[in-house]
1. What do you reckon, is Gly86 part of a loop (DSSP other than H, G, I, E, B), under 19 Å from the mean Cα position of the chain (by Cα) and at pLDDT below 95?
2. If we scan segment 123-141, do we find a residue that is exposed (fewer than 14 other Cβ atoms within 10 Å of the Cβ), of a type in the set (Val, Ile, Thr) and outside any loop (DSSP other than H, G, I, E, B)?
3. Of these, Arg117, Arg144, which one is surrounded by 15 or more Cβ atoms within 10 Å (Cβ to Cβ) and either of a type outside the set (Ser, Thr, Tyr) or under 17 Å from Val56 (Cβ atoms) (or both)?
Amino acid sequence: MDIGKGIFLPYFPIFVVGLFKKSFKVMIKRILISIIMSFSFFGLFGQTNKFRTVDVAEFAKAVSDTSYVVLDVRTPAEHTEGHIPGTHFNIDILEDSYTEIALNTLPKDRPVALYCRSGNRSKNAARILAEKGYQVLELGTGFRGWVAAGNDTTK
């Protein structure tokens, strides 16, 4: 019995390391496959939730195009202080009911051009609408960029 223990024990660490190497290789292989599959999944399905961020000149063209629905996602107080002429709706992105109101108000068969004050809130609003199937154009510099470019506003 002692001879068996003596023979086995010196080789035991090699046996354990060999098992660890094998399981480590399998684990790394599974992680790599998971990463590849994740990229494939997002590559296939991530494209449908996109919106376009545009500059003031391109947004001005969209506003003058009657096929676009123009949406101000700022607060009602900000909207009252001044907004882009031709704005059809003011739906506050900060309200919990934004998505529900937008879905019940905006026609899905027309593209939406939206803006906020500086371009931050509008990106979130655009993402939400794009995920719901809307074609969305977002003013990257917001209402401030519109004003800085010398464009007209209305109250």
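1. no
2. Checked segment 123-141: no residue is exposed (fewer than 14 other Cβ atoms within 10 Å of the Cβ), of a type in the set (Val, Ile, Thr) and outside any loop (DSSP other than H, G, I, E, B).
3. Sole residue among the options that is surrounded by 15 or more Cβ atoms within 10 Å (Cβ to Cβ) and either of a type outside the set (Ser, Thr, Tyr) or under 17 Å from Val56 (Cβ atoms) (or both): Arg117.
The values are calculated or read from the model by the stated rules, or taken from the named source; none is laboratory data. Remember, it's a predicted structure, so these values are computed and weren't measured experimentally. Cβ coordinates were reconstructed from backbone atoms using ideal geometry, including for glycine residues, and neighbour counts include every protein chain displayed.
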